[in-house]
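Student: Take a look at this one; I'll ask things after.
The values are calculated or read from the model by the stated rules, or taken from the named source; none is laboratory data. These numbers were taken from a predicted model, which means no experiment stands behind them. Reconstructed Cβ throughout: ideal geometry from the backbone, glycine too, with neighbour counts over all protein chains shown.
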Amino acid sequence: MENFIEETSSLKYSEKNRKKYFIYTLVSYASLVVAILSLFFAPIFIKVKNGKITIVASGAGLIVNIATLVLTFGLFLFLHFLFLKKKNKIFVEYDYVFTGEKLAVSAIYNETKRSFIDKTDVKDIVKIGKITSGSYKKILSDPTVKKVKYFSDGKTEDGKKIFYVLYNGKNGKTCMQIEVSEKFMVAILKVTGKNVVEEDYE
């Protein structure tokens, strides 16, 4: 494909992200340990003797004990998976593909898991430009426009910059922010024409 171009944002192992990764990992597995340990409280109201199970508590006391056990186990198991998921999304790269007809964005988590997250047809692109422009500030102040960020922390490398692409989506206008080179944006303009470039582009 003549207009095909693909770029990937830089994966950034900042000190801040490293600390978050460590904390989320610690909380995740600490929660799992607490969830498992909570099961050891079952003998408080259930005893096994000579192969027979005896329920110590009864009535309201039994219900309270069981509810407490289930809620404690469920809560900490939920926290385990919640922080495990958060941990796995700290180090993320974004892959941008322009085919000449579509602009697609995928996320790559921890250099292993790839997940498609967004795309738009060229015909739906309304405006493109830099996030440092006055035009972009107007877009930010528009409550009817959905804003999505597809870059890590804004510290660009390899000559790349943060650009925005405003397009008409299924549920209204969406403004995606991407970390690409000017060469990538020029490839889009070859298809869309320069009429979509913001007025104050520098």
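Student: Looking only at segment 165-172, decide whether some residue is of a type in the set (D, E, K, R) and either at pLDDT below 90 or over 21 Å from ILE117 (Cα atoms) (or both).
Tutor: If we filter segment 165-172 for residues that are of a type in the set (D, E, K, R), which is where we start, we get 170.
Within this subset, residues satisfying the condition of being either at pLDDT below 90 or over 21 Å from ILE117 (Cα atoms) (or both) are 170.
Checked against the condition, which is being of a type in the set (D, E, K, R) and either at pLDDT below 90 or over 21 Å from ILE117 (Cα atoms) (or both), segment 165-172 yields at least one hit.
Student: Could you identify the single residue in LEU82, LEU69 that is in a helix (DSSP H, G or I), surrounded by 14 or more Cβ atoms within 10 Å (Cβ to Cβ) and modelled with pLDDT of 90 or more? Write out each step before concluding.
Tutor: Working: LEU69 fails: modelled with pLDDT of 90 or more.
The unique qualifying residue is LEU82.
Conditions (1) within 19 Å of the chain's Cα centre (by Cα); (2) farther than 30 Å from LYS170 by Cβ, marked per residue:
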| residue | (1), (2) |
| --- | --- |
| THR68 | no, yes |
| LEU71 | no, yes |
| GLY74 | no, yes |
| LYS102 | no, no |
| THR112 | yes, yes |
| ILE125 | no, no |
| ILE128 | no, no |
| THR132 | no, no |
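Student: Checking TYR150 against (1) among the hydroxyl-bearing types (Ser, Thr, Tyr); (2) farther than 30 Å from LEU84 by Cα; (3) out of contact with any helix residue (DSSP H, G or I) (no Cβ under 7 Å at 6 or more places or on another chain), only one condition comes out false. Which one?
Tutor: (2)
Student: Can you confirm whether segment 112-122 contains a residue that is touching a residue at least 60 places away in the same chain (Cβ under 8 Å), more than 24 Å from LYS16 (Cβ to Cβ) and surrounded by fewer than 16 Cβ atoms within 10 Å (Cβ to Cβ)? Spell out how you get there, then give the answer.
Tutor: Residues of segment 112-122 touching a residue at least 60 places away in the same chain (Cβ under 8 Å): 122.
Cutting the leftovers down to more than 24 Å from LYS16 (Cβ to Cβ) gives us 122.
Okay, now just the ones that are also surrounded by fewer than 16 Cβ atoms within 10 Å (Cβ to Cβ), so none.
Within segment 112-122, not a single residue is touching a residue at least 60 places away in the same chain (Cβ under 8 Å), more than 24 Å from LYS16 (Cβ to Cβ) and surrounded by fewer than 16 Cβ atoms within 10 Å (Cβ to Cβ).
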